[in-house]
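Below is one structure, written out as structure tokens, with a few remarks after it.
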Amino acid sequence: LGREFDGEVSITAIEFPSKVTVRVTIIKPDNPAYDTDTPKLYGTTSIVLASPTEWVSFMGYPFKDFKEVPSQYKGVDGSALAYTNSAIIPESISLAGRNALLKLCNFLQSAGNFTFGESLVLASAIGDLRIAQLVDKPAVGVEAILPLNYFTGKTYDALKAAAYPF
């Protein structure tokens, strides 16, 4: 069983050889489905099976330190540099995702005693990044989800206690 969650955030991914069967239907211009605006996928239980039974969620918004130029904006034209004197890069999903990811990694480091590198590998292999909200512009939100059901023993206990100390 291979697994790559919704949010490959580093070089790490779990990839595996597999055999698949693909059925292709050619949709000709006289078919009503021809005007479909985008390809669609249909599934049954795959998303349900990929959903964790226990998880911790971390929200990220496109906020940054004043005068900081986040790495994904270095080397771009002057439009991004205009935001260096701001604490936000409006509507930046990538910055919101980075901030959610950093919260997840910080949690793994502090509660699970993982190094930053280990936490980044875990985030990429088992974590999910999801668009959480787009309506509260300019502060769009990305949620980083860490499934707890991949951890066992003392590590699981420590992570759960840190996430839910009640």
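The values are calculated or read from the model by the stated rules, or taken from the named source; none is laboratory data. Everything quoted here is computed from the prediction, not taken from an experiment. No Cβ is skipped: glycine too gets one built from the backbone with ideal geometry, and neighbour counts run over all protein chains shown. Ligands, DNA and RNA are excluded from the accessible area calculation, which covers all protein heavy atoms including side chains. Shrake-Rupley method; radii C 1.70, N 1.55, O 1.52, S 1.80 Å.
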Next item on the list: Mind listing the long-range amide H neighbours of V9? Cut-off is under 5 Å, sequence gap 5 or more, other chains count too, H placed in the peptide plane at 1.01 Å from N.
Entry: S124
Margin query: Between V22 and T44, what's the calculated FRET efficiency when r is the beta-carbon distance and R0 is 22 Å? Round to 0.05.
Written below: 0.85
Check: Just by accessible area at a 1.4 angstrom probe, what is the order of I88, I26 from largest to smallest?
Finding: I26, I88
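In whole percent, how big is the carbon plus sulfur part of the accessible area of the stretch 52-137, probe 1.4 Å, protein atoms only? Provide the component values of the computation, followed by the final result.
Numbers: 2720 of 4620 Å².
Solvent-exposed carbon and sulfur of the stretch 52-137 make up 59 percent of the total.
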Check: If amide H atoms are built 1.01 Å from N in the plane of the peptide, which residues on other chains or at least 5 residues away come under 5 Å of the amide H of S92?
Finding: V140
Check: In a Debye calculation with equal point scatterers on the alpha-carbon sites of the stretch 107-152 and no solvent, what is log10 I(q)/I(0) at q = 0.14, 0.21, 0.29 Å⁻¹?
Finding: -0.43, -0.75, -1.04
Check: Calculated FRET efficiency, K160 and F63, Cβ-Cβ r, R0 22 Å, to nearest 0.05?
Finding: 0.20
Notebook entry, point to check: Under the Karplus relation 6.51 cos²θ - 1.76 cosθ + 1.60, θ = phi - 60°, what is the ordered set of whole-Hz ³J(HN,Hα) values for the stretch 145-150, x standing for Gly and Pro?
Noted result: 10, 10, x, 8, 6, 8
